[in-house]
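Enquirer: Below is one structure. I have some questions about it.
Read the figures in this text as sums done on the coordinates, not as results from a lab. Note that this is a predicted model, so its numbers are computed, not measured. Quick reminder, even Gly has a Cβ in these numbers, built from the backbone with ideal geometry, and neighbours come from all protein chains shown.
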């Protein structure tokens with residue numbers, strides 16, 4: 001078992017702040033990847049964040065969730081954490097565990113609408129935190145709002161490990177995050193990596209097709 005470094009970088013005596021510690025975990029676990037990627041938005045990038053690599057280490061997932069929970073005011077009184085399947089399930093579960101809340105996840109049905117299945121339900125007045133591991137456009141997690149409101153429940157905010165929306169995700173509710181990632185992106189027609197003939201990867205929960213050409 002690797003010894004904990006208690007928030008310090010080797011060779012440095014200064015304690016890390018929350019953002020630095022989260023960034024260190026993303027890098028150490030290999031969640032931050034370099035290469036040639038086609039994002040779910042269709043844009044191309046030379047960086048990608050895959051938090052599944054971070055969740056391979058339960059102790060790290062626990063610490064990251066604990067750091068995020070400290071940013072949520074007690075008065076929010078979160079009763080349920082709801083995530084879109086499948087990437088956010090582990091993250092939402094660990095957040096809920098530390099908040100003392102329920103953990104639910106929604107699934108897409110034919111037609112791309114999120115629904116609650118497996119006996120999951122929301123009740124009127126229930127206070128719901130919407131969670132996603134990484135916010136890129138925020139589209140998926142925002143699609144959960146009608147599901148919550150149709151049940152008469154209340155969305156209290158959003159929670160993510162990393163925000164790489166470049167300021168594009170600004171809902172009229174609190175957004176709690178640990179790290180801000182600024183990746184360069186290009187349209188396919190303007191992608192320098194395509195021009196160099198570098199094989200492209202298509203990660204993500206909706207579709208993954210490795211080692212194809214753009």
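Enquirer: For region 46-102, evaluate the Debye formula with one uniform point scatterer on each Cα (no solvent term) and list log10 I(q)/I(0) at q = 0.13, 0.15 Å⁻¹, rounded to two decimals.
Expert: Reported log10 I(q)/I(0), two decimals: -0.34, -0.45.
Enquirer: A follow-up question, please. Label-point separation (nm) for residue 183 and residue 123, each offset 7 Å from Cα along Cα-to-Cβ?
Expert: 4.0 nm
Enquirer: Here's something else I'd like to know. Could you list 86, 161, 72 so that the one with the fewest beta carbons within 10 Å of its beta carbon is first and the one with the most is last?
Expert: On the way: 86 13, 161 29, 72 19.
Ordered by Cβ neighbours within 10 Å, fewest first: 86, 72, 161.
Enquirer: Please report, in Å, the Rg and the Dmax of region 95-214, where both are computed over Cα atoms only.
Expert: When restricted to the Cα atoms of region 95-214, Rg and Dmax are 17.4, 55 Å.
Enquirer: Give the distance, in whole Å, between the Cα centre of region 69-100 and the Cα centre of region 16-59.
Expert: 20 Å
Enquirer: Right, another one. Can you figure out the FRET efficiency of residue 85 with residue 24, using R₀ = 22 Å and their beta-carbon distance, to the nearest 0.05?
Expert: The calculated FRET efficiency here is 0.20.
Enquirer: Right, next: In the chain, what % of DSSP beta bridges are antiparallel (nearest 5)?
Expert: Given both bridge residues lie in the chain, the antiparallel proportion sits at roughly 35 percent.
Enquirer: Also: Residues of region 51-85 with backbone nitrogen within less than 20 Å of a virtual label 7 Å along the Cα-to-Cβ line of residue 137, please, listed as ranges.
Expert: 51, 83-85
Enquirer: Taking other Cβ within 10 Å of each residue's Cβ, how do 59, 140 sort, fewest first?
Expert: 59, 140
Enquirer: Just want the ordering: 156, 175, from fewest to most Cβ atoms lying within 10 Å of their own Cβ.
Expert: Exposure proxy ranking, most exposed first: 175, 156.
Enquirer: Taking only Cα atoms of the chain, what ratio of Rg to Rh do you get with Rh as the Kirkwood inverse-distance radius?
Expert: Reported Rg/Rh (Cα atoms, Kirkwood Rh): 0.98.
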